[in-house]
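Everything on this sheet refers to the single structure shown next.
The values are calculated or read from the model by the stated rules, or taken from the named source; none is laboratory data. Nothing here was measured: the structure is a model prediction, and the numbers come from that model. In this analysis, Cβ positions are derived from the backbone assuming ideal geometry, glycine residues included, and neighbour counts consider all displayed protein chains.
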Amino acid sequence: MNYSCVPIIVVICYVIGEIYKLIFRNKSNLFKFIPILLAIIGGLLGILLYYTAREMIPFATNVYIALGIGIVSGVSATGTNQIVKQLFKKEGDKNE
């Protein structure tokens, strides 16, 4: 089975999250919306892949499962960001 859709959605959402942080870098109070934004974008990408490239999401038997896969993939980009952030954190850094 081809499970390539999940990493693709995660990478796209991760990049969108990083672009969002660059755009709003002076307004860190808007960073709290990143998980919600990535969940919505991931869900939309899941639906888009379901309708355009169904072979990339073969385990999605209907649009609701594709939506769920997209949402979970989008939110996992937030977790990926935290993994990268913690791996490269230096002693004494004040990370929020």
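Quick look at the numbers
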{"item": "Filter result for residue 21 (on the phi < 0 side of the Ramachandran plot and surrounded by fewer than 13 Cβ atoms within 10 Å (Cβ to Cβ))", "result": "no"}
{"item": "Pairs, first at negative phi in the range 42-59, second among the hydroxyl-bearing types (Ser, Thr, Tyr) and part of a helix (DSSP H, G or I), C-beta under 6 Å, six or more apart", "result": "42/73; 57/50"}
{"item": "Pairs, first more than 15 Å from residue 41 (Cα to Cα) in the range 69-86, second assigned to a helix (DSSP H, G or I), C-beta under 7 Å, six or more apart", "result": "80/10; 80/14; 81/14; 81/17"}
{"item": "Residue 34 being surrounded by 12 or more Cβ atoms within 10 Å (Cβ to Cβ), in contact with a Lys or Arg (Cβ under 8 Å, 6 or more places away or on another chain) and modelled with pLDDT of 85 or more", "result": "yes"}
{"item": "Residue check, residue 29 touching a helix residue (DSSP H, G or I) at 6+ places or on another chain (Cβ under 9 Å) and modelled with pLDDT under 90", "result": "no"}
{"item": "Residue within the range 27-37 that is part of a helix (DSSP H, G or I), out of contact with any Phe, Trp or Tyr (no Cβ under 9 Å at 6 or more places or on another chain), farther than 14 Å from residue 10 by Cβ and in contact (Cβ under 8 Å) with a residue 24 or more places away in the chain present", "result": "yes"}
{"item": "Residue in the range 38-55 that is under 18 Å from the mean Cα position of the chain (by Cα) and in a loop (DSSP other than H, G, I, E, B) present", "result": "no"}
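To keep it simple, each residue is scored yes or no on (1) part of a helix (DSSP H, G or I); (2) at pLDDT 90 or above.
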residue	(1), (2)
6	yes, no
15	yes, yes
19	yes, yes
60	no, no
